[in-house]
Amino acid sequence: MGLVAHYLLSIANEAPWLMALLAVCALAAIHAMVALFASTAGTMVAKDICLRYLTPRADERQQKLYARVGIAAVVLAALLLATYAPVAQVQLGALALGFGFQLWPTLAGICWFPWITRQGATVGLVAGMLGVLFTEQLGATLCRFFGFELPWGRWPWTIHSAGWGIFLNVIACFVVSWLSHDSNERAHRMSFHKLYIATVAIAPNKRFLRPVAWALTLIWFFFAVGPGAILGNDLFGAPNTGLASWSLGVPSLWVWQMLCWALGVMVIWFLAYRLEMSTLPRRETIEQIKPDTPLFEPIALAARATHQNAPPWSIATTKPAGTHSLLTTKERL
């Protein structure tokens with residue numbers, strides 16, 4: 001942020017319009033990020049707390065109210081924290097990335113690995129969050145409060161706290177999943193995976209794109225945020241020689257990152273649409289899936305049925321009424 005602020009101030013006299021444009025872009029990015037996080041928090045309050053435990057039959061209007069109350073509470077808490085405890089705000093912000101990264105094993109269990117049990121995912125998440133906490137400054141502060149010091153400090157061996165957390169997370173998740181294996185629960189989880197395969201699997205005529213997608217993603221990560229980013233240090237001009245040697249009037253690394261993020265947008269488009277990772281299944285009816293029925297035996301509803309009174313376990317699908325929801329990929333096409 002210091003480099004960005006210095007650059008904005010340095011162009012204030014020469015190109016005030018560019019400074020204003022970049023400032024507006026920065027504010028827009030911050031606003032978009034805050035709106036996304038706040039709406040996510042509101043949805044979690046409405047769906048995961050109120051709808052699950054308080055009012056399971058809440059209609060759409062009530063759910064919107066719960067979400068708005070949740071967003072207001074989160075924004076108010078953030079304002080109070082920024083006003084009265086700015087240091088704690090920085091420390092909590094440092095934990096956000098590491099904590100968020102610990103959800104990957106749970107997501108992997110939902111999408112790809114049915115052998116990950118609920119107990120394993122839960123214990124792994126707790127272990128990963130503790131690993132993140134005690135390799136960050138906040139964990140060291142808490143330990144000093146209770147009278148002892150951590151011997152490793154922040155980010156041991158210069159590895160980010162998210163890395164230590166995911167290391168403990170994966171180990172705990174695998175071990176507990178192996179110890180808590182249950183055939184009935186495995187069959188129940190497989191019904192979810194069969195539903196995913198039937199409804200969102202990639203079309204057979206596009207499966208050859210999978211290696212291409214893996215290659216593009218790994219190459220982008222290597223050059224955009226990995227060791228390959230060092231190539232951008234002096235590709236468009238020496239970094240420490242001033243404006244005269246910069247080919248495009250900005251530091252070479254800035255140009256490199258702009259190009260990488262532009263290419264990243266293209267990679268995301270490729271994954272989202274060409275590989276159908278962000279496209280809706282072609283469905284004509286709505287089927288409600290009861291969690292206590294074997295292999296999700298569906299109860300078909302009319303296509304125009306209202307969503308207001310639908311239970312939280314309802315799932316949108318495409319099959320004609322009265323037929324099973326677990327379509328094969330060939331039937332889906």
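Set the Förster distance to 25 Å, then compute FRET efficiency between MET258 and VAL34 from the Cβ-Cβ distance, nearest 0.05.
Calculated transfer efficiency: 0.60.
In Å, what is the Rg of the alpha-carbon atoms in segment 149-269, and how long is Dmax?
Using the Cα atoms of segment 149-269, the pair Rg, Dmax is 22.4, 69 Å.
Cut-off 13 Å, label point 7 angstrom out along Cα-to-Cβ of ASP48: give me the residues of segment 65-106 whose amide nitrogen falls inside.
Answer for this model: 99-104, 106.
Simple spin-label model, 7 Å along Cα-to-Cβ: ALA272 to ALA20 in nm?
3.1
Using Cα centres only, tell me the gap between segment 197-240 and segment 1-41 in whole Å.
Value for the Cα centre distance between the two parts: 27 Å.
Sorting check: for 206-214, 169-177, 96-104, which peptide has the highest mean count of neighbouring beta carbons within 10 Å, and how do the rest follow?
169-177, 96-104, 206-214
Using a ≥ b ≥ c from the Cα gyration tensor of segment 37-122 (square roots of the eigenvalues), is it rounded, prolate or oblate, where a/c under 1.5 gives rounded and otherwise the larger of a/b and b/c decides, a/b for prolate?
Judged from the Cα gyration tensor, segment 37-122 comes out oblate (a/c at least 1.5, b/c at or above a/b).
So if R0 is 30 Å, what FRET efficiency would THR158 and TRP214 give, r being the distance between their Cβ atoms, rounded to the nearest 0.05?
Calculated value: 0.60.
To the nearest Å, what is the center-to-center distance of segment 55-69 and segment 251-268, using C-alpha atoms only?
41
Provide the per-residue ³J(HN,Hα) series for segment 169-182, in order, calculated from phi with Karplus coefficients 6.51, -1.76, 1.60 and θ = phi - 60°, each as a whole number of Hz, with x at glycine and proline positions.
So the J values, rounded to whole Hz, are 4, 5, 4, 5, 5, 5, 5, 5, 4, 5, 6, 9, 4, 9.
Mind giving me the FRET efficiency for GLN62 and LEU9? R0 is 35 Å, r the Cβ-Cβ distance, nearest 0.05 is fine.
The formula returns an efficiency of 0.10 here.
Coordinate-derived values only; no laboratory data. This one's a predicted model, so the numbers in the text were calculated from it and none came from an experiment. Positions of Cβ are backbone-derived with ideal geometry, glycine not excepted, and every protein chain shown enters the neighbour counts.
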